[in-house]
Amino acid sequence: MNNNVFIKLIKEELSEFDFLGNDAQHGEEDNINLLKNEDFQRQLIVDSLLESNKIEVDIKNSSVDNDWEGDVDANSKLSIEYIIDVVYNYDKNNEPVEFELGFTCETTPITGTEEGKSWYETFDWNNIDVSLSTLNGDDVKFKAFEKAPDEIKAIFIREFVKDFVADATNADSHTEKTQDVVQDVTHV
């Protein structure tokens, strides 16, 4: 092999090599900037309510604790921690965005029981705190969620948390709020 050809090949390989990891760093910065974008956040809220096929969820950490043993009363507390990794296919022309959503609270749901079955008469979905962060743990202010009407917030939270809470507590949710229709609620 000619030395000039060999040197040319080495230069080409070196020019494509990312010595300092700048490509990965720029990719992470782009991801953070996208997550901070309020229009992107609004689209996430809308798609989670109307286009759930764009969102894939993997449970990262979950727990439900309560302070009742057998009998539930009006002062019973329910603590929830539900952290999920999300892959969001927000645009078919771009790579999916990956991030973390966290739902945490300590609440007092009003429950009803009958013949060994229990359910929530009322459950304040807006009592659940929502956090948005990168997969590396960098917190992102969820501005679009904070500005959304309470009804949209409740439906967004319920969309992600309802089945988890029902499964973890063996109680169904029969509240009026579970019957909300997204199209009937004030827009984000």
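The values are calculated or read from the model by the stated rules, or taken from the named source; none is laboratory data. Quantities reported herein were computed from a predicted structural model and do not represent experimental measurements. All Cβ positions, even for glycine, are placed from backbone atoms using ideal geometry, and neighbour counts span all protein chains on display.
Being under 24 Å from Ile59 (Cβ atoms) and modelled with pLDDT under 80: is that true of Ala166 here?
When the stated conditions are applied, Ala166 passes them.
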**Prompt:** Does region 133-147 contain at least one residue that is at pLDDT below 90 and not in a loop (DSSP other than H, G, I, E, B)?
**Reply:** no
**Prompt:** Going through region 1-44 one residue at a time, which ones are closer than 18 Å to Gly137 by Cβ and modelled with pLDDT of 70 or more?
**Reply:** Glu28, Glu29, Asp30, Asn31, Ile32, Asn33, Leu34, Leu35, Lys36
